[in-house]
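The values are calculated or read from the model by the stated rules, or taken from the named source; none is laboratory data. Keep in mind that this is a model prediction, so the values were computed, not measured. Neighbour counts are summed over all protein chains in view; Cβ atoms, including those assigned to glycine, are modelled from backbone coordinates with ideal geometry. Ligands, DNA and RNA are excluded from the accessible area calculation, which covers all protein heavy atoms including side chains. Shrake-Rupley method; radii C 1.70, N 1.55, O 1.52, S 1.80 Å.
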Amino acid sequence: QVQLVESGGGLVQAGRSLRLSCVASGRPFSSYYMAWFRQAPGKEREFVAAITRSGAGLYYADSVKGRFTISRENPKNTMYLQMNSLKPEDTATYYCAANIQYAGRNPGEYEYWGQGTQVTVSS
């Protein structure tokens, strides 16, 4: 098993940046494909970005492509989401997730989840 803890959320103005972190503990971090999802009030949880175990494969939702960057540092058991040019529509709770099998885009494909960190973007 793996335990995931997100941090780095907050309140920012549109156009600014934030970097989210997800620290893992338990089973070796490099065993897991990792992803970020987000969920706004009243909406379904949606895919943001995913990364393969080595970090070589990166996948993004169209809504964040070119603005967000996913990365990981396996020796530090940490994944990041650098969010630039933030928009009010990026406001959501952001979750990191881990999957032993592949870097999917469906929340149901992920076995382990963090508790979430709130990102609020004001206009």
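Say we look at the range 99-120 and pick out the residues that are without any contact (Cβ under 8 Å) to a residue 24 or more places away in the chain and farther than 18 Å from ILE70 by Cβ; which of these is most open to solvent (accessible area, probe 1.4 Å)? Restricting to residues being without any contact (Cβ under 8 Å) to a residue 24 or more places away in the chain and farther than 18 Å from ILE70 by Cβ, the top hit is GLU111.
Applying the condition of being over 16 Å from the mean Cα position of the chain (by Cα) and open to solvent by 80 Å² or more (accessible area, probe 1.4 Å) to the range 1-27 and asking which residue is nearest to MET79 (Cα to Cα) yields ARG27. Restricting the range 34-47 to residues that are out of contact with any helix residue (DSSP H, G or I) (no Cβ under 9 Å at 6 or more places or on another chain) and open to solvent by less than 40 Å² (accessible area, probe 1.4 Å), the residue that is nearest to TYR95 (Cα to Cα) is TRP36.
Please verify whether the range 45-60 includes one or more residues that are in contact with a Ser or Thr (Cβ under 8 Å, 6 or more places away or on another chain), touching a residue at least 40 places away in the same chain (Cβ under 8 Å) and closer than 22 Å to GLN1 by Cα. Yes, that holds for at least one residue.
The residues on offer are ARG19, ARG27, and the sole one that is modelled with pLDDT under 95 and of a type outside the set (A, V, I, L, M, F, W, C) is ARG27.
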